[in-house]
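The values are calculated or read from the model by the stated rules, or taken from the named source; none is laboratory data. Because the structure is predicted, anything quoted here is derived from the model rather than measured. Note that each Cβ is placed from the backbone with ideal geometry, even for glycine, and that neighbours are counted across all protein chains shown.
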Amino acid sequence: MTKFENSVKQIIRVNHAGEYGAQKIYNGQIRFCKNSKLKKKLERISSEEKVHFDYFDEQIIKQRVRPTLMSPLWNILGTTLGVMSSKLGEDYVNACTESVEEVIVEHYKKQLNFFKSKKINNELKRKIEKFCKEEDDHKEDAINSKPKNESIGLKVFKSFTKLGTKAAIEISKRV
């Protein structure tokens, strides 16, 4: 297997894991959301994330890529993050979305730069471009919904969420 083929498999594996985790976060938030307007927004975002997951799930099978071994842990951590942010309230739900999606957009842009450097414009690249735009829309929506003055607790929550998301990406690339 070439270095390029290994890189593509790694991209599929990590994106599959990320979209799996996103599903768990949003489902946890939806389950405990008391605000009907916010719940409707979360359900819309979750349905978009499901499309992303389904695409990478299909690629896992089609390209014969081993999924991450971390899925059971991502299930627990994603669900916990979703439930916790929902229980803490709308500001934390939006902070969670902003933080996770900011890291994911950056992650997808790195993948797009990889494809650009190899002069590759295939279906996988086009899907990542589309998904990156949708993730950026989720992030911008969360930013537009956040309070003008964020509490220290909210800032700490965002920092930990970003750090956890970055760690999950790096682990899922390898394991």
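Quick look at the values:
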item	result
Filter result (closer than 17 Å to CYS96 by Cβ and without any contact (Cβ under 8 Å) to a residue 60 or more places away in the chain) within the stretch 20-36	TYR20, GLN23, LYS24, TYR26, ASN27, GLY28, ILE30, ARG31, PHE32, LYS34, ASN35
Output for the stretch 111-142, where each listed residue is touching a Leu at 6+ places or on another chain (Cβ under 9 Å) and closer than 22 Å to TYR26 by Cα	ILE128, GLU129, CYS132
Residue within the stretch 128-147 that is over 14 Å from the mean Cα position of the chain (by Cα), assigned to a loop (DSSP other than H, G, I, E, B) and either among the hydroxyl-bearing types (Ser, Thr, Tyr) or within 28 Å of LYS34 (Cβ to Cβ) (or both) present	yes
Criterion (in a helix (DSSP H, G or I) and closer than 16 Å to ILE11 by Cβ) met by exactly one of GLU98, GLU106	GLU106
Within the stretch 61-76, considering residues that are of a type in the set (A, V, I, L, M) and surrounded by fewer than 17 Cβ atoms within 10 Å (Cβ to Cβ), the one farthest from ILE11 (Cα to Cα)	ILE76
Number of positions in the stretch 142-172 that are surrounded by 15 or more Cβ atoms within 10 Å (Cβ to Cβ) and under 24 Å from PHE56 (Cα atoms)	8
Residue match in the stretch 48-59 (condition: without any contact (Cβ under 8 Å) to a residue 60 or more places away in the chain and crowded, with 22+ Cβ neighbours inside 10 Å)	yes
Conditions (1) under 14 Å from ALA168 (Cβ atoms); (2) free of Cβ contacts under 8 Å to residues at least 12 places away in the same chain: number failed by SER117	(1)
Qualifying residue in the stretch 122-132 (condition: among the hydrophobic types (A, V, I, L, M, F, W, C), modelled with pLDDT under 95 and surrounded by 16 or more Cβ atoms within 10 Å (Cβ to Cβ))	yes
